Amino acid sequence: MQPETTAPATVPAQGTDPTRIHNIGYRSYEGARLGRAYARRSLFTQSLRGAYGLGRSAKSKVLPMLLLAVMCLPAGILVAVTVFTKAKELPLEYTSYAVYLQAVIGLFLASQAPQSVSRDLRFKSVPLYFSRPIERVDYVAAKLAAMASALFILTTVPLLILYAGALLAELDFTDQTKGFAQGLVSVALLSVLFAGIGLVVAALTPRRGFGVAAVIAVLTISYGAVSTVQAIAYEQGDPEVAGWLGLFSPITIIDGVQTRFLGATSSFPGEAGPPSAFAGVVYLAAALALAAGSYALLMRRYRKVGL
């Protein structure tokens, strides 16, 4: 077998510079610059879609869609009962629906709030968002609006089913429309309040699992403790104290506001609700303060994220 021969390397002539300059066509961008508003809208849309697993893997869609179905199932059952029994009114008020299904809402928030913010912190992608043109206020506003919108969809779809079923059962149009509108106001306030609380808790840790557990703990423990103490106070003959205790849990704050201002039936022991008109104003102020405080805490949290 003959050995392979190698062609000798070409050596540039002495004094010849082998450097070559290639024009690869770089040109300055002359198109439209969409700016902060477009970036903010894009982040909002991406975050809202992500809350329901859209644009993500099939596995990511299972839990949010399952929770949406669980939220809608009782509404469908209530409509069926109303239609087939020819009842004169729905078995459940529009304003009470979200209160009774708060556990499902809490699970949705606990699963999706960390997905919205914790992953950005964990993979250190937040500084990329804060490079031009988007700023911290845009990031926080987009994430908060997206989570509130996702919760609003989750809580509004069952109300739409109830409203359509009520009209199908030929219940009074005026009464049902008024109740439906009151329910929309209630779940809108609930969505903003819960979204703020959930994102604040989730933004405290880059670990998604810790965020999930923390959100569930905040919502569940606060409601369980307040409900227990309210029941004890009511059984001891002090309903006024039971009414004031509702200020220490997010869902009972919503209950107090809608009881005083939306004509809802309270889920407090004895259906008492806030003990006075002044107490109702305090409940409303507490809800607004919590929502505003959550936004302020998120802004403070993201000021500490280094570029």
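The values are calculated or read from the model by the stated rules, or taken from the named source; none is laboratory data. Here the structure is a predicted model, which means the values were calculated and not measured. Neighbour counts run over all protein chains shown; Cβ positions are idealised from the backbone, glycine included. In case anyone asks, the SASA skips ligands and DNA or RNA and just uses the protein heavy atoms, side chains included. Shrake-Rupley method; radii C 1.70, N 1.55, O 1.52, S 1.80 Å.
The table below lists the values:
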| read-out | value |
| --- | --- |
| Failed condition for S149, given (1) more than 19 Å from L63 (Cβ to Cβ); (2) assigned to a helix (DSSP H, G or I); (3) touching a Ser or Thr at 6+ places or on another chain (Cβ under 8 Å); (4) not aromatic (F, W, Y) | (1) |
| Residue under evaluation S266, criteria (1) farther than 26 Å from L101 by Cβ; (2) open to solvent by less than 50 Å² (accessible area, probe 1.4 Å); (3) without any contact (Cβ under 8 Å) to a residue 24 or more places away in the chain, criterion not met | (1) |
| Selection within segment 232-254 - among the β-branched types (V, I, T) and either closer than 23 Å to A285 by Cα or surrounded by 16 or more Cβ atoms within 10 Å (Cβ to Cβ) (or both) | V241, I251, T252, I253, I254 |
| Matching option when the condition is open to solvent by 60 Å² or more (accessible area, probe 1.4 Å) and among the hydroxyl-bearing types (S, T, Y), among Y295, Y283 | Y295 |
| Residue within segment 245-263 that is among the basic types (K, R), in a helix (DSSP H, G or I), free of Cβ contacts under 8 Å to residues at least 60 places away in the same chain and touching a helix residue (DSSP H, G or I) at 6+ places or on another chain (Cβ under 8 Å) present | yes |
| Segment 206-231, residues that are open to solvent by 50 Å² or more (accessible area, probe 1.4 Å), assigned to a helix (DSSP H, G or I) and touching a helix residue (DSSP H, G or I) at 6+ places or on another chain (Cβ under 6 Å) | R208, I216, V218, Y223, V229 |
| Yes/no for V241 being in contact with a helix residue (DSSP H, G or I) (Cβ under 6 Å, 6 or more places away or on another chain) and closer than 29 Å to A181 by Cα | no |
| Cβ-Cβ under 7 Å pairs, at least 6 apart or on other chains, segment 163-177 side without any contact (Cβ under 8 Å) to a residue 24 or more places away in the chain and assigned to a helix (DSSP H, G or I), far side polar (S, T, N, Q) and surrounded by 12 or more Cβ atoms within 10 Å (Cβ to Cβ) | L167/Q176 |
| Hits in segment 103-133 (condition: more than 13 Å from the chain's Cα centre (by Cα) and assigned to a helix (DSSP H, G or I)) | A103, S118, R119, D120, L121, R122, V126, P127, L128, Y129 |
| Considering residues of segment 73-93 that are exposed (fewer than 14 other Cβ atoms within 10 Å of the Cβ), over 31 Å from the mean Cα position of the chain (by Cα) and not charged (D, E, K, R) only, the residue nearest to T265 (Cα to Cα) | T85 |
| Qualifying residues in segment 134-166 (those that are open to solvent by 60 Å² or more (accessible area, probe 1.4 Å) and at pLDDT below 95) - the one nearest to Y38 (Cα to Cα) | E135 |
| Selection within segment 187-201 - more than 15 Å from Q102 (Cβ to Cβ) and among the small types (G, A, S) | A188, G196 |
| Long-range neighbours under 8 Å by Cβ, at least six apart or interchain, first residue closer than 15 Å to R119 by Cα and in a helix (DSSP H, G or I) within segment 40-57, second acidic (D, E) and at pLDDT below 95 | L43/D138 |
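Each row is one residue, and each column tells you yes or no for (1) β-branched (V, I, T); (2) within 21 Å of D255 (Cβ to Cβ).
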position: L159; (1), (2): no, yes
position: D172; (1), (2): no, no
position: T177; (1), (2): yes, no
position: F180; (1), (2): no, yes
position: V185; (1), (2): yes, yes
position: L190; (1), (2): no, yes
